[in-house]
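**Student:** Dropping a structure here in structure tokens format, bear with me for questions.
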Amino acid sequence: MKHDAAHQTRVVLVRPIPEAVEAGTAVAFTLRVSCSGGCLLPDAPIHLFDQKGDEVSASRGSSGVSHDIDIIVTAPACLTDVVWTATCPRHEHESIQHETGHAEIRFQTVAHKTSMAVWDVRSPVAAESMLSAKIGVRCSAACALTGSEVHVVDEHGTRVGQGWLGVVPWAGTEALY
């Protein structure tokens, strides 16, 4: 049945991205698209745009709820405040014209957390003597840290030593370089 009036489309963020997301990592959010006439639109087209109006590459996932749309996207690699707009453009569904609808998505990208392990340090260490140790670093997002420089500093913040992380993770660990 053809209707003369187009339905107003509503795009609602039902599961947002967390407020803080590690830069460059995959994140998901869930949208619900419906309209003023009560239509549920789980197959509606969705486009994601950044603040400059450039389209953000995203893929659809399965939410398990038939009328919701899971979107999977990679957060920007830089540290920034992010504002994206999810847009459902004007389209036809079951012979009914649906107007454009929008939802705003806001979050902040943050630096990855790292943890450090130090071992093989002889004890005690005499003041002003050479110190040898093994140092490993792991990124919370399991980034490859191959060749990254590690600084050893004293209690005043003065660099007293340095080294570089290895090419492959330490045997028996998950991404400890």
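The values are calculated or read from the model by the stated rules, or taken from the named source; none is laboratory data. Keep in mind the model is a prediction, meaning the values are calculated, not measured. Counting neighbours? That spans all protein chains shown, and the Cβs are built from the backbone with ideal geometry, glycine included. The area values use the complete protein model at the heavy-atom level, side chains included, leaving out ligands, DNA and RNA. Shrake-Rupley method; radii C 1.70, N 1.55, O 1.52, S 1.80 Å.
**Student:** Show me, for the stretch 151-166, the HN-Hα J-couplings you get by feeding each phi into the Karplus relation (A = 6.51, B = -1.76, C = 1.60, θ = phi - 60°), rounded to Hz, glycine and proline as x.
**Tutor:** Rounded to whole hertz, the list is 9, 10, 10, 8, 5, 9, x, 7, 5, 10, x, 7, x, 10, 6, x.
**Student:** How much of the accessible area of the stretch 78-138, in percent, comes from carbon and sulfur atoms when a 1.4 Å probe is used? Could you put the intermediate results ahead of the total?
**Tutor:** Numbers: 2050 of 3980 Å².
Carbon and sulfur together cover 51 percent of it.
**Student:** Additional query: Please report, in whole Å³, the volume per residue of the convex hull around the C-alpha atoms of the chain. The partial results should precede the final answer.
**Tutor:** Numbers: hull volume 27.7 nm³, N = 177.
Taking only Cα atoms, the chain has a hull volume of 157 Å³ per residue.
**Student:** Of all alpha-carbon pairs in the stretch 96-160, indicate the percentage at a distance above 15 angstrom. All intermediate terms of the calculation are to be shown ahead of the outcome.
**Tutor:** On the way: 1511 of 2080 pairs.
It works out to 73 percent of all Cα pairs.
**Student:** Anyone know which of Glu99, Glu19, Glu155 comes out most mobile in the 10 Å Cα GNM of the chain?
**Tutor:** Maximum among the listed residues: Glu155.
**Student:** Given 0.36 nm per residue, what is the gain on full extension from Arg10 to Val152 after removing their alpha carbon distance, in nm? Working shown, then result.
**Tutor:** Details: separation 142, 0.36 × 142 = 51.12 nm, distance 5.48 nm.
Full extension from Arg10 to Val152 adds 45.6 nm.
**Student:** 7 Å from Cα along Cα→Cβ at both Cys39 and Ala127: what's the point-to-point distance in nm?
**Tutor:** Using points 7 Å along Cα→Cβ, the separation is 8.0 nm.
**Student:** Inverting the mean 1/r over all pairs of different Cα atoms, compute the Kirkwood radius of the stretch 1-49 and quote it in Å. Don't skip to the end; give the middle numbers.
**Tutor:** On the way: mean 1/r = 0.0760 Å⁻¹.
Its Kirkwood hydrodynamic radius stands at 13.2 Å.
**Student:** May I pose another question? What whole-number value in Å² describes the accessible area per residue of the chain for a 1.4 Å probe?
**Tutor:** Values: 11070 Å² over 177 residues.
Counting only protein heavy atoms, the per-residue value for the chain is 63 Å².
**Student:** Next up: How much accessible surface does Ser123 have with a 1.4 Å probe, in Å² rounded to 10?
**Tutor:** In the full protein context, Ser123 sits at about 110 Å².
**Student:** Something else now. Between the stretch 14-33 and the stretch 128-177, what's the alpha-carbon centroid distance in Å?
**Tutor:** The two parts, judged by their Cα centres, are 32 Å apart.
**Student:** Which whole number in µm²/s is D for the stretch 30-125 by Stokes-Einstein, with the Kirkwood Rh taken over Cα pairs at 4 °C and 1.567 mPa s? It would help to have the intermediate numbers written out before the result.
**Tutor:** Working: Rh = 16.3 Å.
D, rounded to a whole number, is 79 µm²/s.
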